[in-house]
Amino acid sequence: MKSCILLLAWLIMASMVHAGELYRHAGRQHATTEAPRTLVIHGAADHPAVAPLFEAFLESHPAFEILYTEFSTLDLYHHFIDHHPATPDLVMSPAMDLQIKLVNDGYALPYQSVHTEALPDWAKWRNEVFGFTYEPIVIALNTQVLQGEPLPQSRTQLINLIRTLRHRFHGRIGLLDIETVGLGYLTWTHDSQQSRTYGRLIEVFGSLQARLYPNSSTLLEAVDRGEVMVAYNVLGSYARDWAQRNDDLAVILPTDYTSVIMRSAFIPKAASRLAEAQLFLDFLLSTRGQQVLANASSLNPIDERVTGPNSISNLRRSTQSPLRPIPFGLELLLQTDDAKRHLMLEEWSHSIESSFAD
(Lines give C-alpha, C1' and ligand atoms only; values in the text may rest on other atoms or scores of the structure.)
Protein backbone atom coordinates (compact mmCIF):
# COMPACT_ATOMS: atom_id res chain seq x y z
CA MET A 1 0.00 0.00 0.00
CA LYS A 2 2.79 2.37 0.92
CA SER A 3 4.55 1.73 -2.40
CA CYS A 4 1.32 2.51 -4.28
CA ILE A 5 0.95 5.80 -2.43
CA LEU A 6 4.55 6.71 -3.23
CA LEU A 7 4.03 5.81 -6.88
CA LEU A 8 0.88 7.94 -7.05
CA ALA A 9 2.69 10.86 -5.46
CA TRP A 10 5.53 10.51 -7.97
CA LEU A 11 3.10 10.45 -10.91
CA ILE A 12 1.37 13.58 -9.64
CA MET A 13 4.70 15.38 -9.28
CA ALA A 14 5.84 14.16 -12.70
CA SER A 15 2.68 15.52 -14.30
CA MET A 16 3.44 18.94 -12.83
CA VAL A 17 6.94 19.14 -14.35
CA HIS A 18 6.99 21.86 -17.03
CA ALA A 19 3.28 22.51 -16.35
CA GLY A 20 1.92 25.82 -17.57
CA GLU A 21 -1.10 27.94 -16.74
CA LEU A 22 -4.09 27.50 -19.05
CA TYR A 23 -6.31 30.36 -20.27
CA ARG A 24 -9.40 30.05 -22.48
CA HIS A 25 -10.73 32.67 -24.90
CA ALA A 26 -14.04 31.91 -26.62
CA GLY A 27 -15.55 33.67 -29.61
CA ARG A 28 -19.23 34.45 -30.03
CA GLN A 29 -20.72 31.50 -31.87
CA HIS A 30 -22.76 32.16 -35.02
CA ALA A 31 -24.50 28.83 -34.44
CA THR A 32 -24.66 27.82 -30.81
CA THR A 33 -25.29 24.22 -31.75
CA GLU A 34 -21.91 23.91 -33.47
CA ALA A 35 -18.76 23.00 -31.59
CA PRO A 36 -16.11 25.75 -31.65
CA ARG A 37 -12.98 25.47 -33.77
CA THR A 38 -10.30 25.04 -31.13
CA LEU A 39 -6.82 26.51 -31.48
CA VAL A 40 -4.17 25.39 -28.96
CA ILE A 41 -1.29 27.80 -28.41
CA HIS A 42 1.67 27.35 -26.08
CA GLY A 43 3.69 30.44 -25.31
CA ALA A 44 6.05 32.24 -22.96
CA ALA A 45 4.36 35.64 -23.00
CA ASP A 46 2.53 36.89 -19.94
CA HIS A 47 -1.15 36.28 -20.60
CA PRO A 48 -2.19 39.97 -20.19
CA ALA A 49 0.30 40.90 -22.94
CA VAL A 50 -1.23 38.56 -25.54
CA ALA A 51 -4.88 38.49 -24.42
CA PRO A 52 -5.79 41.57 -26.56
CA LEU A 53 -4.39 39.76 -29.60
CA PHE A 54 -6.55 36.70 -28.94
CA GLU A 55 -9.67 38.81 -28.42
CA ALA A 56 -9.07 40.75 -31.64
CA PHE A 57 -8.65 37.52 -33.60
CA LEU A 58 -11.90 36.14 -32.16
CA GLU A 59 -13.78 39.26 -33.27
CA SER A 60 -13.04 38.23 -36.85
CA HIS A 61 -13.37 34.49 -36.16
CA PRO A 62 -16.23 34.14 -33.66
CA ALA A 63 -16.54 30.38 -34.21
CA PHE A 64 -13.10 29.83 -32.68
CA GLU A 65 -11.88 29.26 -29.16
CA ILE A 66 -8.25 29.72 -28.14
CA LEU A 67 -6.64 27.63 -25.41
CA TYR A 68 -3.44 29.39 -24.38
CA THR A 69 -0.98 27.80 -21.97
CA GLU A 70 1.65 30.11 -20.50
CA PHE A 71 5.07 28.64 -19.66
CA SER A 72 8.49 29.94 -18.80
CA THR A 73 10.77 29.88 -21.84
CA LEU A 74 12.78 26.83 -20.80
CA ASP A 75 9.72 24.93 -19.55
CA LEU A 76 8.00 25.62 -22.88
CA TYR A 77 10.91 24.04 -24.74
CA HIS A 78 11.12 20.98 -22.49
CA HIS A 79 7.34 20.50 -22.45
CA PHE A 80 7.31 20.45 -26.25
CA ILE A 81 10.11 17.86 -26.41
CA ASP A 82 8.72 15.70 -23.61
CA HIS A 83 5.17 15.56 -25.01
CA HIS A 84 5.93 15.24 -28.72
CA PRO A 85 4.14 14.16 -30.91
CA ALA A 86 1.25 15.56 -28.84
CA THR A 87 1.93 19.18 -29.75
CA PRO A 88 0.04 22.49 -29.68
CA ASP A 89 -1.00 24.12 -32.94
CA LEU A 90 1.36 27.07 -32.48
CA VAL A 91 4.45 27.72 -30.33
CA MET A 92 5.40 31.32 -29.42
CA SER A 93 8.55 32.22 -27.48
CA PRO A 94 11.13 34.99 -27.00
CA ALA A 95 13.89 32.38 -26.50
CA MET A 96 15.16 32.71 -30.06
CA ASP A 97 17.89 30.08 -29.71
CA LEU A 98 15.48 27.43 -28.41
CA GLN A 99 13.01 28.18 -31.20
CA ILE A 100 15.74 27.84 -33.82
CA LYS A 101 16.85 24.55 -32.27
CA LEU A 102 13.34 23.09 -32.44
CA VAL A 103 13.03 24.17 -36.05
CA ASN A 104 16.48 22.87 -36.98
CA ASP A 105 15.63 19.54 -35.36
CA GLY A 106 12.74 19.17 -37.78
CA TYR A 107 9.70 19.94 -35.64
CA ALA A 108 8.31 22.88 -37.65
CA LEU A 109 6.02 22.92 -40.66
CA PRO A 110 7.08 25.23 -43.52
CA TYR A 111 4.47 27.87 -44.30
CA GLN A 112 4.28 30.71 -46.79
CA SER A 113 1.63 33.35 -47.24
CA VAL A 114 1.41 37.00 -48.21
CA HIS A 115 2.01 37.85 -44.54
CA THR A 116 5.08 35.67 -44.05
CA GLU A 117 6.49 36.95 -47.34
CA ALA A 118 6.09 40.53 -46.11
CA LEU A 119 8.49 39.91 -43.23
CA PRO A 120 12.09 41.04 -43.78
CA ASP A 121 14.59 38.20 -44.20
CA TRP A 122 16.15 38.91 -40.80
CA ALA A 123 12.81 38.22 -39.09
CA LYS A 124 12.22 34.67 -40.36
CA TRP A 125 14.16 31.47 -40.92
CA ARG A 126 13.59 28.82 -43.59
CA ASN A 127 9.93 29.84 -43.89
CA GLU A 128 9.37 27.83 -40.72
CA VAL A 129 9.70 30.26 -37.82
CA PHE A 130 8.61 33.88 -37.88
CA GLY A 131 9.43 36.89 -35.70
CA PHE A 132 6.47 38.98 -34.62
CA THR A 133 7.89 41.41 -32.01
CA TYR A 134 10.96 43.63 -31.73
CA GLU A 135 11.74 44.11 -28.04
CA PRO A 136 14.70 45.85 -26.40
CA ILE A 137 16.43 44.24 -23.43
CA VAL A 138 16.82 46.91 -20.76
CA ILE A 139 17.97 47.80 -17.27
CA ALA A 140 15.26 48.74 -14.78
CA LEU A 141 16.31 50.78 -11.76
CA ASN A 142 14.45 51.95 -8.68
CA THR A 143 15.56 55.58 -8.53
CA GLN A 144 15.11 55.74 -4.75
CA VAL A 145 18.54 54.11 -4.52
CA LEU A 146 20.24 57.07 -6.24
CA GLN A 147 19.83 59.70 -3.50
CA GLY A 148 21.38 62.43 -5.62
CA GLU A 149 23.58 60.30 -7.86
CA PRO A 150 22.92 60.62 -11.62
CA LEU A 151 20.95 57.94 -13.40
CA PRO A 152 23.36 55.59 -15.21
CA GLN A 153 23.02 55.52 -18.98
CA SER A 154 25.53 52.79 -19.88
CA ARG A 155 26.86 49.54 -18.45
CA THR A 156 30.07 51.26 -17.37
CA GLN A 157 28.10 53.94 -15.52
CA LEU A 158 25.97 51.23 -13.88
CA ILE A 159 29.07 49.39 -12.67
CA ASN A 160 30.56 52.63 -11.31
CA LEU A 161 27.28 53.48 -9.53
CA ILE A 162 27.06 50.06 -7.93
CA ARG A 163 30.67 50.23 -6.77
CA THR A 164 30.13 53.74 -5.35
CA LEU A 165 26.96 52.70 -3.50
CA ARG A 166 27.94 49.13 -2.63
CA HIS A 167 26.09 49.17 0.67
CA ARG A 168 22.82 50.13 -1.06
CA PHE A 169 23.12 47.49 -3.76
CA HIS A 170 24.41 44.57 -1.67
CA GLY A 171 21.88 41.75 -2.06
CA ARG A 172 19.61 44.07 -4.07
CA ILE A 173 20.66 43.36 -7.66
CA GLY A 174 18.24 41.20 -9.63
CA LEU A 175 19.07 38.89 -12.54
CA LEU A 176 17.23 36.26 -14.54
CA ASP A 177 18.54 32.81 -13.59
CA ILE A 178 20.25 31.70 -16.79
CA GLU A 179 20.21 28.04 -15.70
CA THR A 180 16.41 27.91 -15.66
CA VAL A 181 15.30 30.87 -17.83
CA GLY A 182 15.83 30.48 -21.57
CA LEU A 183 15.57 34.22 -22.23
CA GLY A 184 18.11 34.89 -19.47
CA TYR A 185 20.60 32.51 -21.03
CA LEU A 186 20.05 34.01 -24.51
CA THR A 187 20.65 37.61 -23.43
CA TRP A 188 23.53 36.81 -21.07
CA THR A 189 25.32 34.86 -23.82
CA HIS A 190 24.80 37.79 -26.20
CA ASP A 191 26.36 40.12 -23.61
CA SER A 192 29.40 37.85 -23.36
CA GLN A 193 29.95 38.30 -27.10
CA GLN A 194 29.14 42.03 -27.35
CA SER A 195 30.16 43.80 -24.17
CA ARG A 196 33.64 44.87 -23.12
CA THR A 197 32.19 45.29 -19.63
CA TYR A 198 31.01 41.67 -19.39
CA GLY A 199 33.81 40.56 -17.04
CA ARG A 200 33.28 43.51 -14.71
CA LEU A 201 29.51 42.99 -14.74
CA ILE A 202 29.70 39.38 -13.67
CA GLU A 203 32.33 40.23 -11.04
CA VAL A 204 30.33 43.04 -9.43
CA PHE A 205 27.04 41.14 -9.59
CA GLY A 206 28.64 38.11 -7.94
CA SER A 207 30.52 40.04 -5.25
CA LEU A 208 27.33 41.84 -4.17
CA GLN A 209 25.25 38.63 -4.10
CA ALA A 210 22.81 39.30 -6.90
CA ARG A 211 19.42 37.61 -6.52
CA LEU A 212 18.07 35.27 -9.18
CA TYR A 213 14.51 35.34 -10.54
CA PRO A 214 12.44 33.01 -12.76
CA ASN A 215 11.11 35.60 -15.26
CA SER A 216 11.08 39.30 -16.13
CA SER A 217 7.71 39.96 -14.50
CA THR A 218 8.72 38.56 -11.12
CA LEU A 219 12.00 40.47 -11.26
CA LEU A 220 10.29 43.75 -12.17
CA GLU A 221 7.80 43.25 -9.36
CA ALA A 222 10.78 42.95 -6.99
CA VAL A 223 12.16 46.27 -8.28
CA ASP A 224 8.73 47.86 -7.95
CA ARG A 225 8.45 47.00 -4.27
CA GLY A 226 12.11 47.76 -3.47
CA GLU A 227 13.23 44.20 -2.83
CA VAL A 228 15.97 44.82 -5.39
CA MET A 229 17.14 48.18 -6.69
CA VAL A 230 18.21 47.20 -10.19
CA ALA A 231 17.14 44.53 -12.66
CA TYR A 232 19.59 43.71 -15.43
CA ASN A 233 18.53 42.30 -18.83
CA VAL A 234 14.74 42.35 -18.57
CA LEU A 235 12.19 42.69 -21.36
CA GLY A 236 11.74 46.34 -22.21
CA SER A 237 8.08 45.82 -23.10
CA TYR A 238 7.34 44.58 -19.58
CA ALA A 239 9.59 47.16 -17.90
CA ARG A 240 7.85 50.01 -19.70
CA ASP A 241 4.50 48.69 -18.50
CA TRP A 242 5.71 48.62 -14.87
CA ALA A 243 7.25 52.10 -15.17
CA GLN A 244 3.90 53.54 -16.21
CA ARG A 245 2.58 52.50 -12.79
CA ASN A 246 5.60 53.54 -10.70
CA ASP A 247 7.28 56.93 -11.14
CA ASP A 248 10.33 55.67 -9.23
CA LEU A 249 11.09 52.97 -11.81
CA ALA A 250 13.44 54.10 -14.58
CA VAL A 251 13.87 52.10 -17.78
CA ILE A 252 17.38 52.38 -19.24
CA LEU A 253 18.35 51.47 -22.81
CA PRO A 254 22.16 51.39 -22.36
CA THR A 255 23.96 53.85 -24.60
CA ASP A 256 26.84 51.43 -25.28
CA TYR A 257 24.31 49.10 -26.96
CA THR A 258 20.85 47.69 -26.37
CA SER A 259 20.17 44.07 -27.26
CA VAL A 260 16.92 43.41 -29.12
CA ILE A 261 15.08 40.08 -29.14
CA MET A 262 12.24 38.87 -31.31
CA ARG A 263 9.39 36.71 -30.13
CA SER A 264 8.81 34.10 -32.78
CA ALA A 265 6.14 31.59 -33.71
CA PHE A 266 6.07 28.31 -35.59
CA ILE A 267 3.51 25.67 -36.49
CA PRO A 268 4.58 22.17 -35.41
CA LYS A 269 4.47 19.45 -38.05
CA ALA A 270 2.44 17.31 -35.67
CA ALA A 271 -0.19 20.02 -35.04
CA SER A 272 -3.71 18.62 -35.44
CA ARG A 273 -5.36 21.90 -36.49
CA LEU A 274 -3.15 23.26 -39.26
CA ALA A 275 -5.76 25.47 -40.94
CA GLU A 276 -6.59 27.16 -37.63
CA ALA A 277 -2.91 27.68 -36.84
CA GLN A 278 -2.24 29.20 -40.26
CA LEU A 279 -5.17 31.58 -39.89
CA PHE A 280 -3.91 32.81 -36.53
CA LEU A 281 -0.29 33.10 -37.69
CA ASP A 282 -1.40 35.22 -40.64
CA PHE A 283 -3.41 37.43 -38.30
CA LEU A 284 -0.45 37.74 -35.94
CA LEU A 285 1.78 38.95 -38.77
CA SER A 286 -0.86 41.09 -40.49
CA THR A 287 -0.91 44.86 -40.15
CA ARG A 288 -4.11 44.58 -38.12
CA GLY A 289 -2.65 42.06 -35.69
CA GLN A 290 0.54 44.07 -35.35
CA GLN A 291 -1.46 47.24 -34.71
CA VAL A 292 -3.29 45.42 -31.90
CA LEU A 293 0.10 44.74 -30.31
CA ALA A 294 1.01 48.42 -30.67
CA ASN A 295 -2.28 49.78 -29.31
CA ALA A 296 -3.53 47.25 -26.77
CA SER A 297 -0.48 45.27 -25.62
CA SER A 298 2.82 46.05 -23.94
CA LEU A 299 4.67 44.18 -26.72
CA ASN A 300 6.56 45.93 -29.53
CA PRO A 301 5.31 44.86 -32.99
CA ILE A 302 7.85 44.01 -35.68
CA ASP A 303 5.96 45.53 -38.62
CA GLU A 304 7.62 48.84 -39.55
CA ARG A 305 4.35 50.08 -41.10
CA VAL A 306 2.66 50.08 -37.68
CA THR A 307 2.44 53.38 -35.82
CA GLY A 308 2.13 54.23 -32.13
CA PRO A 309 4.24 54.47 -28.98
CA ASN A 310 5.26 50.80 -29.10
CA SER A 311 6.24 50.79 -32.79
CA ILE A 312 9.73 50.11 -34.15
CA SER A 313 9.94 53.59 -35.66
CA ASN A 314 9.08 55.23 -32.35
CA LEU A 315 11.57 53.01 -30.50
CA ARG A 316 14.34 53.98 -32.91
CA ARG A 317 13.50 57.69 -32.61
CA SER A 318 13.22 57.68 -28.82
CA THR A 319 16.66 56.31 -27.96
CA GLN A 320 20.27 57.30 -28.62
CA SER A 321 21.36 53.74 -27.91
CA PRO A 322 22.60 51.55 -30.77
CA LEU A 323 19.99 48.80 -31.10
CA ARG A 324 21.66 45.42 -31.67
CA PRO A 325 19.16 42.73 -32.61
CA ILE A 326 20.28 39.22 -31.74
CA PRO A 327 20.73 37.51 -35.14
CA PHE A 328 17.90 35.11 -35.91
CA GLY A 329 19.34 32.09 -37.64
CA LEU A 330 21.72 29.17 -37.64
CA GLU A 331 24.36 30.94 -35.54
CA LEU A 332 22.02 30.71 -32.55
CA LEU A 333 22.52 26.95 -32.54
CA LEU A 334 26.02 27.54 -31.17
CA GLN A 335 24.39 28.79 -27.96
CA THR A 336 22.42 25.56 -27.56
CA ASP A 337 25.51 23.40 -28.03
CA ASP A 338 25.97 21.31 -24.88
CA ALA A 339 29.68 22.10 -24.51
CA LYS A 340 29.11 25.84 -25.01
CA ARG A 341 26.23 25.83 -22.55
CA HIS A 342 28.26 23.91 -19.98
CA LEU A 343 31.10 26.45 -20.10
CA MET A 344 28.71 29.38 -19.80
CA LEU A 345 26.83 27.87 -16.87
CA GLU A 346 30.08 26.88 -15.17
CA GLU A 347 31.29 30.49 -15.31
CA TRP A 348 27.90 31.68 -14.09
CA SER A 349 27.87 29.24 -11.19
CA HIS A 350 31.40 30.15 -10.16
CA SER A 351 30.81 33.92 -10.27
CA ILE A 352 27.17 34.33 -9.25
CA GLU A 353 25.92 31.31 -7.35
CA SER A 354 29.15 30.66 -5.41
CA SER A 355 28.82 34.13 -3.84
CA PHE A 356 25.95 32.84 -1.71
CA ALA A 357 28.26 30.34 -0.06
CA ASP A 358 30.80 33.00 0.99
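The values are calculated or read from the model by the stated rules, or taken from the named source; none is laboratory data. If you're wondering where the values come from, they're calculated on a predicted model, not measured in any experiment. For neighbour counting, all protein chains shown are included, and Cβ atoms are generated from backbone atoms with ideal geometry for every residue, glycine included.
Numerical summary
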{"quantity": "Test for residue 165: is it at pLDDT 95 or above, under 25 Å from the mean Cα position of the chain (by Cα) and hydrophobic (A, V, I, L, M, F, W, C)", "calculated": "no"}
{"quantity": "Selection within the stretch 305-321 - touching a Pro at 6+ places or on another chain (Cβ under 9 Å), within 18 Å of residue 259 (Cα to Cα) and not polar (S, T, N, Q)", "calculated": "312, 315"}
{"quantity": "Residue list for the stretch 231-247, restricted to those being surrounded by fewer than 24 Cβ atoms within 10 Å (Cβ to Cβ) and either within 13 Å of residue 172 (Cβ to Cβ) or over 19 Å from the mean Cα position of the chain (by Cα) (or both)", "calculated": "244, 245, 246, 247"}
{"quantity": "Residue that is modelled with the highest pLDDT [pool: residues in the stretch 314-350 that are farther than 21 Å from residue 138 by Cα and of a type in the set (Lys, Arg)]", "calculated": "341"}
{"quantity": "Single unsatisfied condition, residue 272 versus (1) crowded, with 19+ Cβ neighbours inside 10 Å; (2) at negative phi", "calculated": "(1)"}
{"quantity": "Members of the stretch 279-308 found to be crowded, with 20+ Cβ neighbours inside 10 Å and under 24 Å from residue 109 (Cα atoms), listed by number", "calculated": "280, 281, 284, 285, 289, 290, 301, 302, 303"}
{"quantity": "Sole residue being touching a strand residue (DSSP E or B) at 6+ places or on another chain (Cβ under 6 Å) and among the acidic types (Asp, Glu), chosen from 276, 221", "calculated": "276"}
{"quantity": "The one condition in (1) under 21 Å from residue 59 (Cβ atoms); (2) within 15 Å of the chain's Cα centre (by Cα) that residue 278 fails to fulfil", "calculated": "(2)"}
{"quantity": "Qualifying positions in the stretch 165-186 - under 15 Å from residue 220 (Cβ atoms) and of a type in the set (Val, Ile, Thr)", "calculated": "173, 181"}
{"quantity": "Hey, residue 252 touching a residue at least 60 places away in the same chain (Cβ under 8 Å), assigned by TED's automatic domain parsing to the domain that holds residue 312 and crowded, with 22+ Cβ neighbours inside 10 Å or not", "calculated": "no"}
{"quantity": "Neighbours by Cβ (under 7 Å, 6+ apart or cross-chain): first from the stretch 181-205, in contact (Cβ under 8 Å) with a residue 40 or more places away in the chain and on the phi < 0 side of the Ramachandran plot; second assigned to a helix (DSSP H, G or I) and of a type in the set (Gly, Ala, Ser)", "calculated": "202/351; 203/351"}
{"quantity": "Test for residue 311: is it at pLDDT below 90, surrounded by 16 or more Cβ atoms within 10 Å (Cβ to Cβ), among the polar types (S, T, N, Q) and not assigned by TED's automatic domain parsing to the domain that holds residue 235", "calculated": "yes"}
{"quantity": "Of the criteria (1) in the same structural domain as residue 201 (by TED's automatic domain parsing); (2) of a type in the set (Val, Ile, Thr); (3) modelled with pLDDT under 95, which one residue 223 fails", "calculated": "(3)"}
{"quantity": "Tally of residues being under 14 Å from residue 200 (Cα atoms) and loosely packed, with under 14 Cβ neighbours inside 10 Å across the stretch 143-163", "calculated": "1"}
{"quantity": "All helices (runs of 4 or more DSSP H) inside the stretch 33-142 with 2 or more residues being within 16 Å of the chain's Cα centre (by Cα) and buried (at least 22 other Cβ atoms within 10 Å of the Cβ)", "calculated": "47-60, 73-83, 96-104"}
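Residues are listed down the side, and each one gets a yes or a no for (1) modelled with pLDDT of 95 or more; (2) more than 28 Å from residue 103 (Cβ to Cβ); (3) assigned by TED's automatic domain parsing to the domain that holds residue 239:
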residue: 124; (1), (2), (3): yes, no, no
residue: 179; (1), (2), (3): no, no, yes
residue: 193; (1), (2), (3): no, no, yes
residue: 197; (1), (2), (3): no, yes, yes
